[in-house]
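One structure below.
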Amino acid sequence: MVSKTDDIPASVPNCTPVDDVAEDGETALKEPCPCGHSAAAVVMNGNAGHDQAEEAESKQDGSGDADPSDDANEQEVIVIQDTGFTVKIQAPGTEPFDLQVSPQEMVQEIHQVLMDREDTCHRTCFSLQLDGNVLDNFAELKSIEGLQEGSLLKVVEEPYTVREARIHVRHIRDLLKSLDPSDSYNGVDCNSLSFLSVFTDGDLGDSGKRKKKGSELEQIDCTPPEHILPGSKDRPLVPLQPQNKDWKPLQCLKVLTMSGWNPPPGNRKMHGDLMYLFIVTVEERHVSITASTRGFYLNQSTTYTFNPKPANPSFLSHSLVELLSQISPAFKKNFTALQKKRVQRHPFERIATPFQVYSWTAPQIDHAMDCVRAEDAYTSRLGYEEHIPGQTRDWNEELQTTRELARKNLPERLLRERAIFKVHSDFAAAATRGAMAVIDGNVMAINPGEETRMQMFIWNNIFFSLGFDVRDHYKELGGDAAAHAAPTNDLNGVRAYGAVDVEGLYTLGTVVVDYRGYRVTAQSIIPGILEREQEQSVIYGSIDFGKTVMSHPKYLELLEKTSRPLKVQRHAVLNEKDSAVELCSSVECKGIIGNDGRHYILDLLRTFPPDLNFLPVEGEELSPESQKQGFPRQHRHRLACLRQELIEAFVEHRYSITAETVSDSKPADTADSASETSEADETIPGLAQAKELAESLATDDGSDPKSREVVLNACKAVGSISNTSFDIRFNPDIFSPGVRFPEDSAEDIQKQKQLLKDAAAFLVSCQIPSLIKDCLDHTALPMDGATMTEALHQRGINVRYLGNVLEFVDKMPAKPQLEHVYRIGITELITRCTKHIFKTYLQGVELSALSAAVSHFLNCFLSSFPDAVAHLPADELVSRKKNKKRRNRVPGGGDNTAWASLTPSELWKNIASEALRYYHFTLQCESVDQAVEKYGLQKITLLREISVKAGIQILIKEYNFDSRHKPAFTEEDILNIFPVVKHVNPKASDAFHFFQSGQAKVQQGFLKEGCELINEALNLFNNVYGAMHVEICACLRLLARLNYIIGDHPEALSNQQKAVLMSERVLGIEHPNTIQEYMHLALYCFANGQLSTALKLLYRARYLMLMVCGEDHPEMALLDSNIGLVLHGVMEYDLSLRFLENALSINSKYHGPRSLKVALSHHLVARVYESKAEFRSALQHEKEGYTIYKNQVTPPSHSRRFEPPLVQLCHQAAGFTAPSMASVLEQLNIINGIIFIPLSQKDLENLKAEVQRRQQLQDSGKIEEQQEDGQLAHLLEPVDLRTKLCNLK
C-alpha cells in the first residue's frame, strides 16, 4: 500500500509498518467501530497470522525466533560476512588488475565479472589458472589451496565446443544490444524499462560532484512543461517515456546471423568446424565466418557457394570481437564506444528482474534481424544453460528438491530460500512462455480428438489446462464461471501451504496465466500420474466433490501440522457407504503419492472457508449486520471464499474478546497482576494479551474451578474448538454441496455454521468501516486500481465487495474527504467490468483480426466518436471459407466476426449491467463521456487501467479521445497482447525478521542499531533474491531515510537512487510506489545541492501522478508543497505560489480547513508572499495559520511558535529578503515528515540537549508535553527533528 507510513510495500504480506503515525502525525488510535465490535477488531495487516506461521515454521526449523538479539544468530551473520580479499587478474593483451573477492564466491562469479568488464567483456571461453592449475568453476574460493591476498590468476583461452561457440555468439549479441530497449518493450528475458537516468543525466553519484555549485541559480531553467502546471486539463501520453539519448543505437554491424550452411558436414567437423556465421559490416562488406575449436576465422563461402577453406588472410582470433575489429574499422570504433556507455550505466538498469514486467505503452520499434532471437523462438529455451533444444528441465523434481534442502542454521536456510526463489522464478517464466504457446496454437494437445475447450497440453514438463468447465465438473458450482475462479483459489491454497512449509508435504508448482481472453493453469507434473487413472492415484480426499471420500493416516498427520496456522478444523464426513471418514482439509483437496514416494496435495481451491455473504443457502439466516447490507447475494459461482487475511483478522478480534471476558471475570489477585501488565504496556495487541492470560491460567493447574469456568465460558462465547484454551478453526466443508456429516457432530457443525456467519458479518461491519476510516485519516492512501485492491486485500476484503465499499463511502457524511477513494473505486469497478466483457469478446476473434478487434473495443470503451466501426481485414472472407473444414483449431481460432458489430452504447450498457450483476452497484452512465462527467474520471487513467489489466500494449502517441468525428484508435495503435501472470512469491524469512527488528529499533529511537540491522537485512535479501526485488526496494528506501536523518546525505542519495531504479524496473515506471520514490530522491538531491535535478524529479513525479490518478488527490498536496518550496528556493516566486496555493486548497479539502496541515500550508504560502514583498497577503496567511494553531493546540505556550513569523513579518516589511537554502530545506523536511520515525524518550532528550546548545528555545517543556498530548505530534516533532537535520547538514 502506498501509505504514509514508511513500510515494506503491501506486496509483502503481513508486514509490520514502521509506525502508525497518521498523516497529521496523530497516532492512529483505534476507536471502536460503529457496529459495537471492540477497537482491537480493526486489524491492519493481519500480523497475527504471520506470527503463527512464523512460529510454526521456526519450531520446525529449530531456528527459534530469529530475533537478531539472539547471540547465535549474530554469530551466524558474522559467518556469512567473511572479510574479502584482493586478487590480481592477468588477461591476454591487458595489464593485470586488482579484483576484490569474498571467500564465499564461486570461481564462476569471477568469470561473470570478467564477461562484464569493459576490457575483458568479449571473452567467454576461458579458464582461470593459479600457478598453472585450472580452477574448478563451481568451487568456492575459500576451498582453493594457495589462493590468498595478492594471488595472480591468469585468464587462459580454452578451445571451443559447439555449446561454447553458441554461448560466445549469444554473449556478443547481448553486448551489441546492451543499450537497445526493444527487449524491455517486448517483455522478454526479464528486461524492463527505467527512465531515471534521463532526469538525472546519468549516475547521481558521479555527477553529484559536478552539480554541487548551488550558487549558480541563474542557470537553472525551472519552468515546468505546460501540462504539469496546476489546473492543466491536458494529459499527454508521450512524456511517459522520454527519449533516452543513449538509446540512439550505435550501429556496429548491419547483420549478424547464423549461416544457411549450418551445420558443418562430416568432413568439415573433422577439421574442427563448429558452425558458420554470416555477417554484413557497416561498410557493406559481406563475410562468412567459421567458428572452429581454435576460434573464429573468415572462410571463402558466399551466399550461394560453399567453400569452407580459410580466406587469405583468415584473421583467426579467439574472440569474434577481435576478428570483427580487424575487418571493420566502424565496428572497432562503435563497439568500444558502446561498451564505454554500457559500463557507465547504473547496474540496476541492466540486471534482469526476477519476474517479467510488461509495459503497456511502447514506441514504434524497428524490427531488426537477430539470429539469437530467431533461434530462441523455435527452441524451448528456458535458462542460460539450455542453448541446445531438447534439454528440458524436470520442474517438479527441482521444485520439490529445493524444499527438501536442510534448514537448521542461517547459512543453510539462506541457501535453501535462494534455491526455492530461483526455481520459482524460472518456473514462472517457462510456464508463461508455454501458456502463450498453447493459446497461440504452437503446442499439440494430449487429447487432440476432443473439443478445443477440453484440450490439455504438456510442454517442457509442464501440464497446461484451460479455464473452462470440462465434462460438467463444476456444473453444480457455477459452470465456466467456477472453472475460471478455481485456478486462482487453488493458487491461494498453494501459496498458503507453501508459507507454512511443513516438511514432507508437497504442493505442485502452479502458475495462472490470462492471455488473449483465455485462462491457462500451468502445473508441474507429479511423477507417474500420467501413467494411471486418477481414481487409482488419489488416496486422500474426493474426486467427485464428496460422494466418495478417502482418508490416509500419513496425510492426516501431515495436514494436522498445517491445521493450526491455516485455521483448518479436523472433521469427519460421510462417504458413499455412510461411514465417517476423518479429514483435515476440504474434501476437494486430493492426496496423491507420486512415483518418487512424496506426498502431494492438489486442488486446494477450498483451503479457506466459504463466504456466506455471497453463498445463499436455503433455510440459513445470516446475522443482522449482513442482512442489513442486503446479503446474502447471488454470485456467479459457489466458490466464493474468505481471504486468509480476513481469517487472521477475525481470529485476532476473537482473541481480544476472550482476553476481555477472561480478565473481567478473573479472580482478584490474578486480575490485579493482569491490570498491572496491561498498564505497563497498553500497546500489547489482543493476541499477546490473550496468550498471557491463557498462560497465567494454565499455571493454575486447574485447581481453581472458578478460573476454569471463566475460561470455559469465554471459549464458548467466541466459538473456540477447545474448552480449555483459545483455538478457533474453520471447517472448509460446511455448506459444500454433496458433503454430508455424521450425526454425532451435529452440534459442532451448528457451531461452525455460526462461526462462518460471524466471520461474514465481521467483514462487512468491521473491516470495511476500518478501511474507510484508514482512508479518512490517510493511513491508507490508494492511488490507482492496484493499490486500491491491495488496501482491500490487506484487510481481508475481496474485490467482489467493491460495490459495498463504494456505497459505504457514498453514505458517509465525510464523503468530500473521501472523493479520491470513491473516484479510484469507480475507475477500478468500471475497468474490471470492462475486463470481464473483453475476455469473452477476445475469445471470438481469430488471430488475423486481433489488432482490429482490440482497437475497435478500445474505441467503443473510450472514444467520444459515437459510431465506431470495425475494419475487417481484407483477406478475412477468403480465409474463413477454407477454415470451415478444420474442426480442431487452436483455442484462439474463433472464426466469427460478431466482435465487429459491438457499438459504444451496447458496450456501456453491458458494463452497467455487469456492475449490477457482479458488484451489485448501479452505474449512472451510458457512455464514457457521461462517466467522466458524473464521476470526475480521466480517460487516460481508464486507458492505463484497462491496458494493464487486459495485457494490451499500445503505441505511445497522443490520442484524441474527445473527437466526435473520428475514432481515437486505429489497428496500427495496438502493438501487442501480453499475458497477465499470477504466481507464488517465495519469501526470505530471515531477512524479513532482520528488517522488522531494524524497523522496531528505529521506532524506539536507536537509529544506529536500526541502521545496522537493516543493512544486514539488505545483505540477506540480496543473498536470497539477487539484486532486484520489491523487498530490497523497501529496504533501500528505509536505509536512505536513515542515512538522511543521521546526516549522511551522499549515502542517502545513493541508496535512494537504487530504490527508484529498482521500483521502476520491478513495479513499473508509473507505479504509485515509483512516484513516492521519486519524491524522496528529489528531497535528498535538494539537500545535496542538486537543485535542478530535484526539480526535474518532482516534475516527473507530478506528471506520473496526474496520469495515474489526476490532480485531485491528497498526495498531490505534498508533491505540490515540495515543488513550491524548491521553486521558492530558486526564487521563482510566481511559479512557487501556483503550486503552494494548489497544495493549500487540496489540503483544506482532504484534511479539513482546521487541520494542522492547512496551517503549515498557509505558513508556506505566506513565506513566498513575504519574499515577493507582498506583506499584506503574507500577513493574512500567517494570521490564518496562527488561528488554526491557536484553536488546535490548547496550551498557550504552543501558539507562541507561530508568533515569531508574525513579529518577523512586521520587522521585515521594511526590507526584502530572499530565502536561504537552509530554511527551504528545513521546511522540506517538515512537510516530508522526516517525522515518519517516532523517536524514543531517550533520543528526544538527546535531541533536546543538542537543540538547546545551538539555539535558546523559548519553551523548554515542549517535548514532555508532546509525550502527553498525542494530538501535538505533527506540530512538535518537526521542530526537534528538523533542528537536528539542519545542524547535521
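The values are calculated or read from the model by the stated rules, or taken from the named source; none is laboratory data. Being a predicted model, the structure only gives us computed values, none of them experimental. Cβ: placed from backbone, ideal geometry, glycine included. Neighbour counts: every protein chain shown. Quick note on the areas: whole protein, heavy atoms, side chains included, nothing else; ligands and nucleic acids left out. Shrake-Rupley method; radii C 1.70, N 1.55, O 1.52, S 1.80 Å.
Results for (1) in contact with a Phe, Trp or Tyr (Cβ under 8 Å, 6 or more places away or on another chain); (2) touching a residue at least 60 places away in the same chain (Cβ under 8 Å); (3) within 25 Å of Leu943 (Cα to Cα); (4) not in a helix (DSSP H, G or I), shown as yes or no for each residue.
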position	(1), (2), (3), (4)
Ile1032	yes, no, no, no
Arg1041	yes, yes, no, no
Pro1050	no, yes, no, no
Leu1053	yes, yes, no, no
Gln1056	yes, no, no, no
Arg1065	yes, yes, yes, no
Gly1068	no, yes, yes, yes
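Does segment 859-882 include one or more residues that are out of contact with any strand residue (DSSP E or B) (no Cβ under 6 Å at 6 or more places or on another chain), assigned to a loop (DSSP other than H, G, I, E, B), among the basic types (Lys, Arg) and at pLDDT below 95? Checking segment 859-882: not a single residue is out of contact with any strand residue (DSSP E or B) (no Cβ under 6 Å at 6 or more places or on another chain), assigned to a loop (DSSP other than H, G, I, E, B), among the basic types (Lys, Arg) and at pLDDT below 95. Regarding segment 903-910, can at least one residue be identified that is open to solvent by 30 Å² or more (accessible area, probe 1.4 Å), closer than 30 Å to Met436 by Cα and modelled with pLDDT under 95? Yes, the conditions are met somewhere in segment 903-910. Go through (1) open to solvent by 10 Å² or more (accessible area, probe 1.4 Å); (2) within 16 Å of Asn1232 (Cα to Cα); (3) touching a Leu at 6+ places or on another chain (Cβ under 9 Å); (4) in contact (Cβ under 8 Å) with a residue 60 or more places away in the chain one by one and return the number of the condition Tyr1103 breaks. So Tyr1103 meets the others, but not (2). Among the residues of segment 426-434, not a single one is surrounded by 21 or more Cβ atoms within 10 Å (Cβ to Cβ), under 22 Å from Gly591 (Cβ atoms) and either of a type in the set (Val, Ile, Thr) or out of contact with any Asp or Glu (no Cβ under 7 Å at 6 or more places or on another chain) (or both). Considering segment 182-201, and only residues there that are in contact with a helix residue (DSSP H, G or I) (Cβ under 6 Å, 6 or more places away or on another chain), open to solvent by less than 20 Å² (accessible area, probe 1.4 Å) and assigned to a loop (DSSP other than H, G, I, E, B), the residue that is farthest from Leu240 (Cα to Cα) turns out to be Ser192.
The combined condition, being open to solvent by 10 Å² or more (accessible area, probe 1.4 Å) and among the aromatic types (Phe, Trp, Tyr), is not fulfilled by Tyr801.
Of a type in the set (S, T, N, Q) and over 24 Å from Ile734 (Cβ atoms), is that true of Asn492? Criteria not met by Asn492. Return yes when Ser1161 is in contact with a His (Cβ under 6 Å, 6 or more places away or on another chain), in contact (Cβ under 8 Å) with a residue 12 or more places away in the chain and open to solvent by less than 10 Å² (accessible area, probe 1.4 Å) and no when it is not. Criteria not met by Ser1161. Identify the residue in segment 768-786 that is touching a helix residue (DSSP H, G or I) at 6+ places or on another chain (Cβ under 9 Å) and over 30 Å from Ser947 (Cα atoms) and, among all such residues, is surrounded by the fewest Cβ atoms within 10 Å (Cβ to Cβ). Top of the filtered list is Pro769. For segment 715-726, the tally of residues that are surrounded by fewer than 17 Cβ atoms within 10 Å (Cβ to Cβ) and touching a Ser or Thr at 6+ places or on another chain (Cβ under 9 Å) stands at 1.
Scanning segment 495-515 for residues that are open to solvent by less than 20 Å² (accessible area, probe 1.4 Å) and β-branched (Val, Ile, Thr), we see that the one that is farthest from Gly951 (Cα to Cα) is Val502. For segment 104-121, the criterion of a residue being under 30 Å from Ser259 (Cβ atoms), among the hydroxyl-bearing types (Ser, Thr, Tyr) and within 38 Å of the chain's Cα centre (by Cα) is satisfied by at least one position.
Of the residues examined, His1128 is not one that is over 37 Å from the mean Cα position of the chain (by Cα) and either under 23 Å from Pro816 (Cα atoms) or in a helix (DSSP H, G or I) (or both). Kindly check whether there is at least one residue in segment 348-359 that is out of contact with any strand residue (DSSP E or B) (no Cβ under 8 Å at 6 or more places or on another chain), at pLDDT 75 or above, open to solvent by 20 Å² or more (accessible area, probe 1.4 Å) and among the aromatic types (Phe, Trp, Tyr). Yes, that holds for at least one residue. When every residue of segment 599-607 is checked against the conditions, none turns out to be more than 34 Å from the chain's Cα centre (by Cα), of a type outside the set (Val, Ile, Thr), at pLDDT below 95 and open to solvent by 10 Å² or more (accessible area, probe 1.4 Å). Among residues that are touching a helix residue (DSSP H, G or I) at 6+ places or on another chain (Cβ under 8 Å), at pLDDT below 75 and surrounded by fewer than 17 Cβ atoms within 10 Å (Cβ to Cβ), Asp700 is included.
Taking residues in segment 447-470 that are closer than 23 Å to Thr432 by Cβ, and partners anywhere that are among the small types (Gly, Ala, Ser) and assigned to a loop (DSSP other than H, G, I, E, B), the pairs with Cβ atoms closer than 6 Å and at least 6 places apart or on different chains are Asn460/Ser380.
Among the residues that make up segment 1091-1109, is at least one of them in a helix (DSSP H, G or I), over 28 Å from the mean Cα position of the chain (by Cα) and not basic (Lys, Arg)? Yes - at least one qualifying residue is present in segment 1091-1109. Hey, can you tell me all the residues within segment 526-572 that are among the β-branched types (Val, Ile, Thr), surrounded by 16 or more Cβ atoms within 10 Å (Cβ to Cβ) and not in a loop (DSSP other than H, G, I, E, B)? If the condition is that a residue be among the β-branched types (Val, Ile, Thr), surrounded by 16 or more Cβ atoms within 10 Å (Cβ to Cβ) and not in a loop (DSSP other than H, G, I, E, B), then Ile529, Val538, Thr562, Val568 are the ones that fit.
The set of residues in segment 410-421 that are open to solvent by 50 Å² or more (accessible area, probe 1.4 Å) and free of Cβ contacts under 8 Å to residues at least 60 places away in the same chain comprises Glu412, Leu415. Annotation note: of Ile797, Ile772, the sole residue that is assigned to a helix (DSSP H, G or I) and of a type outside the set (Asp, Glu) is Ile772.
Every residue, every condition in (1) of a type in the set (Ser, Thr, Tyr); (2) open to solvent by 50 Å² or more (accessible area, probe 1.4 Å); (3) touching a Leu at 6+ places or on another chain (Cβ under 6 Å); (4) without any contact (Cβ under 8 Å) to a residue 60 or more places away in the chain, yes or no:
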residue	(1), (2), (3), (4)
Thr223	yes, yes, no, no
Pro230	no, no, no, no
Lys245	no, yes, no, yes
Leu274	no, no, no, no
Ile279	no, no, yes, yes
Phe296	no, no, yes, yes
Gln300	no, yes, no, yes
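For Thr94, the stated conditions do not hold, so it cannot be described as assigned to a loop (DSSP other than H, G, I, E, B), at pLDDT below 90, open to solvent by 70 Å² or more (accessible area, probe 1.4 Å) and more than 21 Å from Pro347 (Cβ to Cβ).
Looking only at residues of segment 303-318 that are open to solvent by 70 Å² or more (accessible area, probe 1.4 Å) and either outside any loop (DSSP other than H, G, I, E, B) or within 18 Å of Pro265 (Cα to Cα) (or both), we find that the one that is modelled with the lowest pLDDT is Thr303.
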